[in-house]
Ligand code: BES
Ligand code: MN
Ligand code: MN
């Protein structure tokens, strides 16, 4: 790849400007009040892909938000890279914890990002990382160095479970045919410790509702004599972990892949400081499953977490009441071989079975997906590894992530191709949190590294 540095230094201000414009649109897929903004973002991506050099770009309607599809086919005998990303973002709340408004991007310098970071919802997850691919593609097209065919599939429902993407993929197998799927929607260890994500956890997300009396009651007149759904729900949830922080749902661990000693030793070699980890989160101690290290707990072990819990009076001041209902949203992160639908059923059966007679419970499954692990002895991984070596001067470390991109396992099944996860974000970038940001250095490094992947993948595929 010639002149990537030169092209970057000439165009980096514009690259940052363009991303900032994209970040101004509040494409919150979870909140229907923003539906027009989500649709506008799809249009913006379409025109960005056209300007970058795609031959055809279409907005593909679904039952939900549209999928933007673009391609440039230069020679059907050459390999094809399919780039996946998402243009929707998480809701920004809690709003009052943002130091600058989530949809008015601002560049600020920090300790981890001395060259500045762009603060905005979606900066890292995933508009910034997705847009690196659009700009890397622009560079290859404009300098006549595109070595292979490219397809882009950018969706608008990732943050709400990619409900309509599965059908789109199943119906468009030929159109989406590819030799490798390339995604930047994960992270790396540190700016001087590049890594490639080799695993994602699966997910089962459920909501539970506990109902006691048919109306809210005076907690003095009825308290002590009638089940309080808040109390009951708290107790039921607490019972889902034992004293060693193992999950108590019968059968939950039956299919969990156990890693060998060697694999675990290898994982433990990845640089990690528990002290720094605790300090970054302002915690005195970590917490998790007995017998596993922090880096194992959040990558190779399944979990169960309450994401939200409510019921009764939560307004200002005090109101004495026994609520009629209590609710919780619960996510379970899954590891290879656990089937998300099976786990959802196990949860439902168990949760219903532990409810006392004084209440009724309902379990409502939301969404889920399978985990993913990818081998490192593939052409695609080797090409990615060499690309990082070229631009970081270091061999990247393969690392499993705790996050989920449920659609990746579906891609493998439907399109029969492997996915390479080249993430350039950092754990400290605060994705899904207030003050999400993406380092300017990371953004530009991604744009610099991606073209080498294309080059090496094409070279290595033909040899
Ligand atoms: N990009 C994230 C997933 C991610 C982040 C994986 C960092 C690895 C490292 C993605 O947008 C996401 O947030 N996924 C959701 C699941 C989805 C079904 C809502 C998640 O992991 O909670
Ligand atoms: Mn994402
Ligand atoms: Mn996300």
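The values are calculated or read from the model by the stated rules, or taken from the named source; none is laboratory data. What you see is a predicted model; the values in this text were computed from it and never measured. Neighbour counts are summed over all protein chains in view; Cβ atoms, including those assigned to glycine, are modelled from backbone coordinates with ideal geometry.
Are there any pairs, at least 6 apart or on different chains, whose C-beta atoms fall under 9 Å, with the first in the range 115-129 and outside the structural domain of residue 12 (by TED's automatic domain parsing) and in contact (Cβ under 8 Å) with a residue 40 or more places away in the chain and the second within 12 Å of ligand 3 (Cβ to nearest atom) and in a strand (DSSP E or B), and if so, which?
none
Go through the residues of the range 319-329 one by one and say whether even a single one is outside the structural domain of residue 365 (by TED's automatic domain parsing), in contact with a helix residue (DSSP H, G or I) (Cβ under 8 Å, 6 or more places away or on another chain) and in contact (Cβ under 8 Å) with a residue 24 or more places away in the chain.
Taking the range 319-329 first, the residues outside the structural domain of residue 365 (by TED's automatic domain parsing) are none.
Within the range 319-329, none of the residues are outside the structural domain of residue 365 (by TED's automatic domain parsing), in contact with a helix residue (DSSP H, G or I) (Cβ under 8 Å, 6 or more places away or on another chain) and in contact (Cβ under 8 Å) with a residue 24 or more places away in the chain.
Has the range 47-62 got any residue that is surrounded by fewer than 22 Cβ atoms within 10 Å (Cβ to Cβ), more than 22 Å from residue 155 (Cβ to Cβ) and touching a strand residue (DSSP E or B) at 6+ places or on another chain (Cβ under 8 Å)?
no
Filtering the range 401-418 down to residues that are outside any helix (DSSP H, G or I) and more than 12 Å from ligand 1 (Cβ to nearest atom), which residue is farthest from residue 385 (Cα to Cα)?
416
So residue 435 passes all but one of these: (1) more than 14 Å from ligand 1 (Cβ to nearest atom); (2) touching a strand residue (DSSP E or B) at 6+ places or on another chain (Cβ under 8 Å); (3) within 26 Å of residue 148 (Cα to Cα); (4) not in a helix (DSSP H, G or I). Which condition number does it fail?
So residue 435 meets the others, but not (3).
Among what's in the range 273-290 and is touching a residue at least 24 places away in the same chain (Cβ under 8 Å) and closer than 20 Å to residue 244 by Cβ, pick the residue that is surrounded by the fewest Cβ atoms within 10 Å (Cβ to Cβ).
287
Just the residues that are assigned to a loop (DSSP other than H, G, I, E, B), closer than 20 Å to residue 13 by Cβ and under 22 Å from the mean Cα position of the chain (by Cα), please, taken from the range 96-123.
Listed by number, the residues that qualify are 105, 113, 120, 123.
When residue 376 is evaluated against the numbered criteria (1) at pLDDT 95 or above; (2) more than 16 Å from ligand 3 (Cβ to nearest atom); (3) assigned by TED's automatic domain parsing to the domain that holds residue 98, which criterion, by number, is the only one it fails?
(1)
Residues are listed down the side, and each one gets a yes or a no for (1) surrounded by fewer than 16 Cβ atoms within 10 Å (Cβ to Cβ); (2) more than 20 Å from the chain's Cα centre (by Cα):
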site: 316; (1), (2): yes, yes
site: 325; (1), (2): no, yes
site: 335; (1), (2): no, no
site: 339; (1), (2): no, no
site: 346; (1), (2): no, yes
site: 357; (1), (2): yes, yes
site: 368; (1), (2): no, no
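Taking the condition of being under 28 Å from residue 161 (Cβ atoms) and either not in a strand (DSSP E or B) or not assigned by TED's automatic domain parsing to the domain that holds residue 22 (or both), how many residues in the range 48-95 meet it?
Count: 17.
Looking at the range 439-448, which of its residues are surrounded by fewer than 24 Cβ atoms within 10 Å (Cβ to Cβ) and in contact with a helix residue (DSSP H, G or I) (Cβ under 8 Å, 6 or more places away or on another chain)? Break it down into steps so the answer makes sense when it comes.
Start the filter on the range 439-448 by keeping residues that are surrounded by fewer than 24 Cβ atoms within 10 Å (Cβ to Cβ), which leaves 440-441, 444-445, 448.
440, 444, 445, 448, listed by residue number.
So which of 196, 154 ends up being buried (at least 23 other Cβ atoms within 10 Å of the Cβ), in the same structural domain as residue 70 (by TED's automatic domain parsing) and within 16 Å of ligand 1 (Cβ to nearest atom)?
154
Has the range 375-398 got any residue that is buried (at least 22 other Cβ atoms within 10 Å of the Cβ) and under 18 Å from the mean Cα position of the chain (by Cα)?
Scanning the range 375-398, I find no residue that is buried (at least 22 other Cβ atoms within 10 Å of the Cβ) and under 18 Å from the mean Cα position of the chain (by Cα), so the answer is no.
Assess whether residue 106 counts as being in the same structural domain as residue 432 (by TED's automatic domain parsing) and under 21 Å from residue 163 (Cβ atoms).
Taking the combined requirement at face value, the residue does not satisfy it.
Of all residues in the range 393-428, how many are in contact with a strand residue (DSSP E or B) (Cβ under 9 Å, 6 or more places away or on another chain) and away from ligand 3 (no atom under 16 Å from the Cβ)?
Within the range 393-428, residues that are in contact with a strand residue (DSSP E or B) (Cβ under 9 Å, 6 or more places away or on another chain) and away from ligand 3 (no atom under 16 Å from the Cβ) number 16.
One residue is enough: does the range 97-116 have a residue meeting the conditions within 24 Å of residue 179 (Cα to Cα) and within 16 Å of ligand 3 (Cβ to nearest atom)?
no
Tell me yes or no: at least one residue of the range 163-181 is assigned by TED's automatic domain parsing to the domain that holds residue 410, away from ligand 3 (no atom under 16 Å from the Cβ), within 30 Å of residue 31 (Cβ to Cβ) and crowded, with 23+ Cβ neighbours inside 10 Å. Lay out the reasoning, then the answer.
First, pick out the residues of the range 163-181 that are assigned by TED's automatic domain parsing to the domain that holds residue 410: 163-181.
Remaining after also requiring away from ligand 3 (no atom under 16 Å from the Cβ): 164, 166-181.
Going one step further and asking which of them are within 30 Å of residue 31 (Cβ to Cβ), we end up with 164, 166-172, 176, 181.
Within this subset, residues satisfying the condition of being crowded, with 23+ Cβ neighbours inside 10 Å are 181.
For the range 163-181, residues assigned by TED's automatic domain parsing to the domain that holds residue 410, away from ligand 3 (no atom under 16 Å from the Cβ), within 30 Å of residue 31 (Cβ to Cβ) and crowded, with 23+ Cβ neighbours inside 10 Å: present.
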